[in-house]
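What follows is a short report on a single structure.
The values are calculated or read from the model by the stated rules, or taken from the named source; none is laboratory data. Note that the structure is a prediction, hence the values are computed from the model and not measured. Cβ placement follows ideal geometry from the backbone for every residue including glycine, while neighbour counts extend to all protein chains displayed.
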Amino acid sequence: MARMKLRGRVIRRGHAEGEALVSQQAMSFFGGVDPESGVIVEAGHELEGEFISGKILVFPQGKGSTLGSYTLYRLRRNDLAPAAIINAQSEAIVAVGAIIADIPMVDRLDISQIRTGDEVTIEDDLVEVNRLDSPA
């Protein structure tokens, strides 16, 4: 197992553990994630069809309407929110959504170090990534 520690900037303090779901594409929550199912519905997005509930959602940055903040809040109210969010660089829509929905969030770290399926633990600014090495 490979283990690494990364430090980022805290957007919303908190503790979270879960499986990473990683995208190299920006994400829009309003119109991009169904708040009633927790599934990414943005047509053509590399994570289209993926369920985000309980995942450590990793993506470069948010995009789209300011209603994306409210979509994150609706996901939380429906018990479908991601366990945490990691961005390369946060922006206001996702940051406000994480704050009002009480979703731990960090940014300003190298998201290329995290892969889908990695086990990730977040404690405020510390991100620990555990990767099971694939058999040779």
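Take residue 43 and decide whether it is surrounded by fewer than 21 Cβ atoms within 10 Å (Cβ to Cβ), of a type in the set (Gly, Ala, Ser) and either assigned to a helix (DSSP H, G or I) or touching a Ser or Thr at 6+ places or on another chain (Cβ under 6 Å) (or both). I'd like the intermediate steps shown before the answer.
Values: surrounded by fewer than 21 Cβ atoms within 10 Å (Cβ to Cβ): yes; of a type in the set (Gly, Ala, Ser): yes; either assigned to a helix (DSSP H, G or I) or touching a Ser or Thr at 6+ places or on another chain (Cβ under 6 Å) (or both): no.
Taking the combined requirement at face value, the residue does not satisfy it.
What is the residue count in the range 104-117 for residues that are crowded, with 16+ Cβ neighbours inside 10 Å and over 15 Å from residue 85 (Cβ atoms)?
Selection size over the range 104-117: 0.
Could you grab me the full set of residues in the range 115-136 that are at pLDDT 95 or above and assigned to a strand (DSSP E or B)?
119, 120, 121, 122, 123, 126, 127, 128, 129, 130
Just to be sure, is residue 115 more than 16 Å from residue 21 (Cα to Cα) and among the basic types (Lys, Arg)? Before you say what the answer is, go through the steps one by one.
Numbers: more than 16 Å from residue 21 (Cα to Cα): no; among the basic types (Lys, Arg): yes.
No.
Residues of the range 56-69 being surrounded by fewer than 23 Cβ atoms within 10 Å (Cβ to Cβ) and either in a loop (DSSP other than H, G, I, E, B) or within 10 Å of the chain's Cα centre (by Cα) (or both), which ones?
So in the range 56-69, the residues surrounded by fewer than 23 Cβ atoms within 10 Å (Cβ to Cβ) come out as 59-61, 63-67, 69.
Across the range 56-69, the qualifying residues are 59, 60, 61, 63, 64, 65, 66.
Please enumerate the residues belonging to the range 70-96 that are touching a residue at least 40 places away in the same chain (Cβ under 8 Å), surrounded by fewer than 24 Cβ atoms within 10 Å (Cβ to Cβ) and within 15 Å of residue 54 (Cβ to Cβ).
Those that are touching a residue at least 40 places away in the same chain (Cβ under 8 Å), surrounded by fewer than 24 Cβ atoms within 10 Å (Cβ to Cβ) and within 15 Å of residue 54 (Cβ to Cβ): 78, 80, 83.
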